[in-house]
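A.B. asks: Dropping the structure in here first, questions after.
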Amino acid sequence: MADTMVRVENVHRSYGTGAAAVHALRGVDLEVPRGELVALKGRSGAGKTTLLNLVGGLDEPDRGRITVDGLDLSELDEDKLLRLRRDRIGFVFQSFGLIPILTAAENVGVPLRLRGADPREREERVELLLSLVGLADHARQRPGELSGGQQQRVAIARALANNPALLIADEPTGQLDAETGLAVMELLRAVVRTEHVTALVATHDTTLLDLADRVLELRDGEILAA
């Protein structure tokens, strides 16, 4: 268990009841070692987002067990889940999710403010992360002044603000052109190495899969290959 960041055991998740029920996950088993970038591939509706939401503590399975960084999520109350998401998990979404009125630096610093980090520590961490994602010269620009690729880089920097152990990325290149998407995926690959994090990335873009340490395919709520 010490070398495992994520363990998913016989997890089921359905939405709705009776004949209209949608079975998003059907007995999924998954193990993600520490320090790996694992890609989840599959068509829309295959269950990728549902699985990521469960691993990130944003949803609960109908049955089965999920362990993240040694913690059984079913044993955590809402307050402990909130702290886990804030301090140990970084989220990157397809829609970027940046606050329009804040600069790039201010967006990256939001998680640190929520944690109550010392202002000097916050400024140093933000500066370091913007340099890491290649946006040191864009710190004062707002999202509307940045390209899609640059906005996603800001989102990645923000996700790393609190030194998470696990990075969850749901279709992080979905709104980007092929060249920019590849650059963002290469950045995620570099982040896993330099920041010593584990990454679980859902993508339908087969050109990006070569950058993962391991690729798992989800189809109709089941993992087909490991």
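The values are calculated or read from the model by the stated rules, or taken from the named source; none is laboratory data. What you see is a predicted model, and the numbers here were worked out from it, not measured in a lab. Glycine also receives a Cβ, built like all others from the backbone with ideal geometry; neighbour counts cover every protein chain displayed.
A.B. asks: What strands (runs of 3 or more DSSP E) completely inside the stretch 1-67 contain at least 2 residues that are without any contact (Cβ under 8 Å) to a residue 60 or more places away in the chain?
C.D. replies: Once the strands (runs of 3 or more DSSP E) in the stretch 1-67 are filtered for at least 2 residues that are without any contact (Cβ under 8 Å) to a residue 60 or more places away in the chain, what remains is 4-15, 22-33.
A.B. asks: Let me ask something else. Just for the stretch 137-165: of the residues that are in a helix (DSSP H, G or I) and of a type in the set (A, V, I, L, M, F, W, C), which one is farthest from the chain's Cα centre (by Cα)?
C.D. replies: Looking at residues that are in a helix (DSSP H, G or I) and of a type in the set (A, V, I, L, M, F, W, C), I get Val154.
A.B. asks: Return the residues of the stretch 215-224 that are surrounded by fewer than 15 Cβ atoms within 10 Å (Cβ to Cβ) and either closer than 26 Å to Val197 by Cβ or modelled with pLDDT of 90 or more (or both); say none if nothing qualifies.
C.D. replies: Within the stretch 215-224, just Arg219 meets the criteria.
A.B. asks: Oh, and also: Within the stretch 166-218, how many residues turn out to be within 21 Å of Arg43 (Cβ to Cβ), outside any loop (DSSP other than H, G, I, E, B), in contact (Cβ under 8 Å) with a residue 60 or more places away in the chain and of a type outside the set (Val, Ile, Thr)?
C.D. replies: 11
A.B. asks: Of the numbered conditions (1) part of a loop (DSSP other than H, G, I, E, B); (2) farther than 24 Å from Ala155 by Cβ; (3) of a type in the set (Val, Ile, Thr), Ile99 fails exactly one; give the number of that condition.
C.D. replies: It fails just one condition, (2).
A.B. asks: So, one more: Let me spell it out: the conditions are (1) in contact with a helix residue (DSSP H, G or I) (Cβ under 8 Å, 6 or more places away or on another chain); (2) within 16 Å of Phe96 (Cβ to Cβ), and Leu132 meets all of them except one. Which number is the exception?
C.D. replies: Checking Leu132 against (1) in contact with a helix residue (DSSP H, G or I) (Cβ under 8 Å, 6 or more places away or on another chain); (2) within 16 Å of Phe96 (Cβ to Cβ), the one that fails is (2).
A.B. asks: What's the number of the only condition in (1) basic (Lys, Arg); (2) loosely packed, with under 14 Cβ neighbours inside 10 Å; (3) more than 23 Å from Ala155 (Cβ to Cβ) that Arg65 fails to meet?
C.D. replies: Of everything listed in (1) basic (Lys, Arg); (2) loosely packed, with under 14 Cβ neighbours inside 10 Å; (3) more than 23 Å from Ala155 (Cβ to Cβ), Arg65 misses just condition (2).
A.B. asks: Is it the case that Pro100 is under 16 Å from the mean Cα position of the chain (by Cα), surrounded by fewer than 15 Cβ atoms within 10 Å (Cβ to Cβ) and not small (Gly, Ala, Ser)?
C.D. replies: No.
A.B. asks: Taking the stretch 68-95 on its own, how many of its residues are on the phi > 0 side of the Ramachandran plot and either not in a loop (DSSP other than H, G, I, E, B) or not charged (D, E, K, R) (or both)?
C.D. replies: The qualifying residues number 1.
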